[in-house]
Amino acid sequence: MLLDYFLIFFIHLIGNQCSELRDHPGHMKPFGSSGPFLEIEKVTDLPTKTFFSNYVKTKRAVLMQNFVNQFPAFSKWNDQYLTDVSSKHPDYKVSLETIKKESRDQDTINLPLHDFLFIYNSSELYMVNEVPPYLKEDVVLPQPLQCAQAPSVLEETIVWFSSGGTSSVTHTDDYENILCAFDGIKEIILVDYFKHKKAADMIIDEHKGAYSTMDVDKVDYEKFPLLKDLEYYHFNLSAGDCLYIPYKWVHQVRSYGRNLAINFWFNFERIFGNAEFSDECSYNKLDLSKTLDTFTYGPVQNDFFDNFKIFIMRQVNLGNRKIDDWISLILGVERELSDEKREQSHDMLQEMFSLMDFDGNGVLSDDEVIDLNENVNFNLN
Ligand SMILES: [Ca+2]
């Protein structure tokens, strides 16, 4: 009798929740379109030290207005100029996506840039490619990455070029990101991962590619019920502006009009613990001579220990500083483990953690991670 009562109660509760989700103003509408909305912070000047201490370290997005309109690429990169320059490099091919509404299983093709320019206005083609070597002299390193050791964080610089009408999946990046618009408008939807961790982890359901399988034009609140808890930053990124998207923040991007953007992916862990910038980096201005052809950058080959340390730094930077964070992080994704293996892993993690937590206070500090060295005996049994 009592059981029947509870059963009816639960069915009622679940039923109510479903109809509430179906009635949500955002149900079957574009991702993020129903709000609630938050106001994105805006700046017109951002020296390196301020950028790292106020935004990268604290994981806050910021819109940087008029940050690239002095770059040669901003004034020079019309179709004629790009055709002339790329015609001199017919062997260099750029990678092109073949449909404007992003699908991660779509085909890509490779063509010289001048061939793309000839057809991009009448096709679905979308160039997503590293800044070609012959164009690097037109692209300046953004102001916040210019001072002292900051340029060494740069991992990849990607050009996004289409005739507009593109729409990305809802996703997160593998790196910190500065996205700069050179032509056209980008409509951005951003979600603070750190404020909405549970919902964000549920929405980004394709873990390997770090994206969501949801249809960005028609989001299903019944399939992704925690969407109801999200708050969104929704704004346009105009030509000349850059946006800092912290690592892990969820974003979705649409583009309008001839659309040219460059994103600067960078790896904060490369200067983790070494980011004590001098005073000069509190007021450094944009130096137009720091173009991408004047220094080398890109992925670095690390040995096993360096990669391990970067992994730990990244986790600490994401706020995973306690043993419980580590257990849920590692054992949470290993769903297939037997109870015995789970117990063993649990003990191993605990032992590893206590080796890293040098002062034994149960919390990994920045200094403990910086001081971590190969001499710590990680040969756990
Ligand atoms: Ca500690």
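The values are calculated or read from the model by the stated rules, or taken from the named source; none is laboratory data. Since this is a predicted model, take the numbers as computed values, not measurements. Because the Cβ atoms are built from the backbone with ideal geometry, glycine has one as well, and the counts that use them run over all protein chains shown.
Structural remarks
- Members of segment 306-322 found to be closer than 16 Å to GLU368 by Cβ and assigned to a helix (DSSP H, G or I), listed by number: PHE308, LYS309, ILE310, PHE311, ILE312, MET313, ARG314, GLN315, VAL316, ASN317
- Set side by side, the residues ASP105, ASP115 differ, and just one is in the same structural domain as SER255 (by TED's automatic domain parsing) and not in a helix (DSSP H, G or I), which is ASP105.
- Filtered residues of segment 301-324 (kept if exposed (fewer than 13 other Cβ atoms within 10 Å of the Cβ) and out of contact with any helix residue (DSSP H, G or I) (no Cβ under 8 Å at 6 or more places or on another chain)): GLN301, ASP303, PHE304, ASN307, PHE311, ASP324
- The residues of segment 170-229 that are in contact with a Pro (Cβ under 8 Å, 6 or more places away or on another chain) and among the β-branched types (Val, Ile, Thr), listed by number, are ILE178, VAL216, VAL219.
- Selected residue (only one of TYR211, TYR175 is closer than 26 Å to LEU113 by Cβ, hydroxyl-bearing (Ser, Thr, Tyr), within 13 Å of the chain's Cα centre (by Cα) and surrounded by fewer than 22 Cβ atoms within 10 Å (Cβ to Cβ)): TYR175
- Count - residues of segment 34-48 that are at pLDDT 95 or above and surrounded by 13 or more Cβ atoms within 10 Å (Cβ to Cβ): 9
- Residues of segment 323-377 classified as over 26 Å from the mean Cα position of the chain (by Cα), closer than 22 Å to ASN307 by Cβ and outside any helix (DSSP H, G or I), total: 9
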